[in-house]
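For reference, the structure is listed below as structure tokens.
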Amino acid sequence: CFLVIVNNESSNAVLRIQKTRSLVVKKDTMYKKVLLTQFGIPNLNTLEYKSNVHLAPGYLVGYVRDKHSDTEFVITPRIYTDLLPESTFIEYAVAQQPDLLVFSLYLWNIEKSLRVVKILKEKLPDVQIIFGGPEVNPDNSYLLNSDQFEQGIVGEGEVAFGYFMAGK
């Protein structure tokens with residue numbers, strides 16, 4: 001069962017999907033630390049400079065940073081997303097102690113992201129998790145039926161992430 005939230009302001013449509021069993025509207029929530037992660041393409045030459053450029057997390061941070069100056073935004077370094085094993089990323093994420101985890105989902109990293117989120121939910125039970133990227137859409141039953149999925153942003157993420165950070 002899902003709730004689809006649509007906001008239309010200044011012709012920017014924002015679509016957010018949440019499982020109704022976990023629907024908690026957090027108005028004026030202040031996140032002290034946000035960790036943004038985009039896992040790379042598996043088996044790609046990770047030493048090549050263009051193998052996994054964290055554009056999506058960078059754009060999100062660039063869009064919201066000025067409005068949330070009291071929040072620390074951390075983009076997971078490529079060494080944890082591209083080179084080291086999942087267990088090392090999990091240790092890194094736990095050590096960061098984020099209030100919010102943001103994952104950019106693509107065809108090549110959705111399974112890894114969900115696997116990692118399952119473990120992180122056990123280790124960081126109070127952390128809020130949100131997904132974005134092209135794999136987050138109302139037609140992706142694999143993601144929507146996953147126990148790890150609670151909420152996601154569909155479409156262009158910058159504006160929607162701004163609304164999310166503002167508790168809208």
Check: List, please: which pairs have Cβ atoms under 8 Å, are six or more places apart or on different chains, and start with a residue in the range 144-160 that is within 20 Å of Ile119 (Cβ to Cβ) and end with one that is outside any strand (DSSP E or B) and polar (S, T, N, Q)?
Finding: Glu150/Ser22; Gln151/Ser22
Next item on the list: Sort through Tyr92, Tyr106 and tell me the only one that's under 25 Å from Ser146 (Cα atoms), in a helix (DSSP H, G or I) and aromatic (Phe, Trp, Tyr).
Entry: Tyr92
Item checked: Residue that is nearest to Asn140 (Cα to Cα) [pool: residues in the range 54-85 that are of a type outside the set (Val, Ile, Thr) and modelled with pLDDT of 95 or more] -> Phe73
Checklist line | Subset of the range 51-60 that is surrounded by 14 or more Cβ atoms within 10 Å (Cβ to Cβ) and within 15 Å of the chain's Cα centre (by Cα) - its residue that is farthest from Ala160 (Cα to Cα) | finding: His54
Margin query: If the requirement is being within 21 Å of Pro42 (Cβ to Cβ), among the small types (Gly, Ala, Ser) and surrounded by fewer than 19 Cβ atoms within 10 Å (Cβ to Cβ), which of these qualifies: Ser141, Ser87, Ser113?
Written below: Ser87
Margin query: Where the second residue is of a type in the set (A, V, I, L, M, F, W, C) and part of a loop (DSSP other than H, G, I, E, B) and the first is without any contact (Cβ under 8 Å) to a residue 60 or more places away in the chain and lies in the range 91-102, which pairs have Cβ atoms under 9 Å and are six or more apart or on separate chains?
Written below: Tyr92/Leu84; Ala93/Leu124; Ala93/Val127; Val94/Leu124
Note to self: Being in contact with a Leu (Cβ under 8 Å, 6 or more places away or on another chain) and open to solvent by less than 10 Å² (accessible area, probe 1.4 Å) is the filter here; which residues of the range 116-138 pass it?
What the structure shows: Val117, Leu120, Ile129, Ile130, Phe131, Val136
Item checked: Candidate set from the range 90-110 (those that are out of contact with any strand residue (DSSP E or B) (no Cβ under 7 Å at 6 or more places or on another chain) and over 22 Å from Asp126 (Cβ atoms)); member that is surrounded by the fewest Cβ atoms within 10 Å (Cβ to Cβ) -> Leu107
Item checked: All positions within the range 61-84 that are open to solvent by 40 Å² or more (accessible area, probe 1.4 Å) and within 18 Å of Arg115 (Cα to Cα) -> Tyr80, Leu83, Leu84
Next item on the list: Could you tell me whether any residue of the range 133-156 is modelled with pLDDT of 95 or more, within 15 Å of the chain's Cα centre (by Cα) and assigned to a strand (DSSP E or B)?
Entry: no
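The values are calculated or read from the model by the stated rules, or taken from the named source; none is laboratory data. No experiment lies behind these values; they were computed from the predicted model shown. Note that we place each Cβ from the backbone using ideal geometry, even for glycine, and neighbour counts take in every protein chain shown. The accessibility values were calculated without ligands, DNA or RNA, using every heavy atom of the protein model including side chains. Shrake-Rupley method; radii C 1.70, N 1.55, O 1.52, S 1.80 Å.
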